[in-house]
Amino acid sequence: MLSVETFETIEEAAGAVGERSRFMAGGTLLMVAVNYGNQGFDRIVRTSDRRLGEISNAGDRVHIGAGVTMAKVAASRDLAFLAPAARSVGGPAIRNRATVGGNLFAPHPYGDFATALLALDATVHWADGREEPIETVLQNRGQSIGLAAAVSVPRPQADEFRFLKVARVKPKGASVMALAAWLPKSAGRLENTRIAFGAMGATAARVKACEAALNGTNLDERGIEPALQAATEGLSPQDDALASGWYRREVAPIHLKRLLIPERRL
Ligand SMILES: Cc1cc2nc3c(=O)[nH]c(=O)nc-3n(C[C@H](O)[C@H](O)[C@H](O)COP(=O)(O)OP(=O)(O)OC[C@H]3O[C@@H](n4cnc5c(N)ncnc54)[C@H](O)[C@@H]3O)c2cc1C
């Protein structure tokens with residue numbers, strides 16, 4: 001027997017999330033689990049709290065409620081830099097339901113939007129008031145049962161942030177890989193670079209060796225060569241119906257080059 005309960009506030013809903021219950025946001029994945037008779041939970045928790053669907057500016061950051069849909073991100077002027085990542089998730093029907101919060105917990109090969117958030121060093125704001133870097137949320141997500149209320153991201157300068165999704169079926173296919181780069185510059189050279197790959201492991205992950213190789217360089221062919229060599233260092237891409245782990249590893253430097261020097265895209 002499966003029960004569904006809707007709470008007025010995020011805090012009340014968070015209190016009801018536990019071992020045998022699941023929070024439902026857009027339901028694009030959770031309803032599939034229900035339809036397949038998943039026995040891991042017998043209670044679905046929802047909330048009608050409007051705060052979950054809000055986008056707001058706070059200083060140099062943008063706060064995005066965990067219940068904001070991909071369609072809403074794609075239509076938001078404040079989030080224009082994230083629109084390519086939002087538009088890469090599923091087709092229009094999925095994007096009308098799929099939420100930012102749900103994407104943090106989507107299993108491989110999903111999590112395209114989370115890949116973009118990881119490159120941007122997003123902060124996850126939990127319903128109980130805790131704030132946590134997205135990197136540790138993704139690393140520990142199998143263990144944590146909590147309710148994400150929002151994420152916040154810094155607003156990158158124009159052309160500092162890039163996103164690329166590689167899929168066999170276009171425009172709606174799941175990722176062979178997703179790539180995101182945050183490329184701030186100082187005196188014409190890259191600094192504090194962040195590179196994230198999606199669908200190249202159980203969750204989106206940064207490649208710190210690649211970031212280190214980019215820092216201090218220009219975005220030109222010679223400058224990025226060491227970073228391309230280190231493109232998959234520390235990643236463990238899986239075999240699945242879309243591609244083998246071997247293939248993913250082989251083509252990652254090619255797609256990274258296309259991301260870093262877009263004019264070379266075919
Ligand atoms: C046909 C199809 C195509 C898809 N294509 C893509 C794609 O191209 N790219 C991609 O990345 N994904 C894709 N997805 C997966 C999915 O639609 C997205 O990842 C989406 O963002 C999940 O959000 P949701 O709100 O629907 O999550 P739900 O199904 O509501 O929840 C998914 C999981 O996340 C948990 N959860 C949800 N919100 C929160 C929260 N605020 N705090 C804590 N836990 C939470 C739920 O408890 C559940 O375990 C696709 C799915 C389908 C069915």
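Coordinate-derived values only; no laboratory data. Since we're looking at a predicted model, the values are computed, not measured. Cβ coordinates were reconstructed from backbone atoms using ideal geometry, including for glycine residues, and neighbour counts include every protein chain displayed.
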Quiz item: Can you pull the percent of Cα pairs in the chain with separation above 31 Å?
Solution: 25 percent
Exercise. Take the alpha-carbon centre of segment 1-64, take the same for segment 214-266, and report the distance between them in whole Å.
Key: 35 Å
Quiz item: Can you give the percent of C-alpha pairs in segment 120-163 whose distance is more than 17 Å?
Solution: 38 percent
Self-check item: Listed residue (S48, G111, V251) projecting farthest to the positive dipole end of the chain, Cβ model
Solution: V251
Practice problem: Rounding to the nearest 20 debye, state how big the charge dipole of the chain is about its Cα centre with +1 on each Lys and Arg Cβ and -1 on each Asp and Glu Cβ. | Solution: 860 debye
Quiz item: Arranged by the count of other C-beta atoms within 10 angstrom, fewest first, what order do S152, S3 take?
Solution: S3, S152
Exercise. Assuming 0.890 mPa s and 25 °C, estimate D for segment 51-154 with Stokes-Einstein, Rh taken as the Kirkwood radius over Cα pairs, in µm²/s.
Key: 183 µm²/s
Quiz item: Fewest first, what order do M200, M31 take by the number of other Cβ atoms within 10 Å?
Solution: M31, M200
Quiz item: By DSSP, what percent of the beta bridges with both residues in the chain are antiparallel, rounded to the nearest 5?
Solution: 80 percent
Practice problem: Assuming 1.002 mPa s and 20 °C, estimate D for segment 3-47 with Stokes-Einstein, Rh taken as the Kirkwood radius over Cα pairs, in µm²/s. | Solution: 202 µm²/s
Quiz prompt | Kirkwood estimate for segment 161-260, i.e. one over the average of 1/r between Cα atoms, Å | solution = 13.6 Å
Quiz item: Which order do D49, D240 fall in if you start with the one that has the fewest other Cβ atoms within 10 Å?
Solution: D240, D49
Quiz item: For segment 140-266, with only Lys/Arg (+1) and Asp/Glu (-1) charged at the beta-carbon, what is the dipole magnitude about the Cα centre, in debye rounded to 20?
Solution: 340 debye
Quiz item: Could you give me the ³J(HN,Hα) list for segment 157-165, computed from phi with Karplus coefficients 6.51, -1.76, 1.60 and θ = phi - 60°, whole Hz, x at Gly and Pro?
Solution: 5, 4, 6, 7, 10, 9, 9, 9, 10
Quiz prompt | Count, lysine Cα pairs under 26 Å in segment 161-260, 8 or more residues apart or across chains | solution = 8
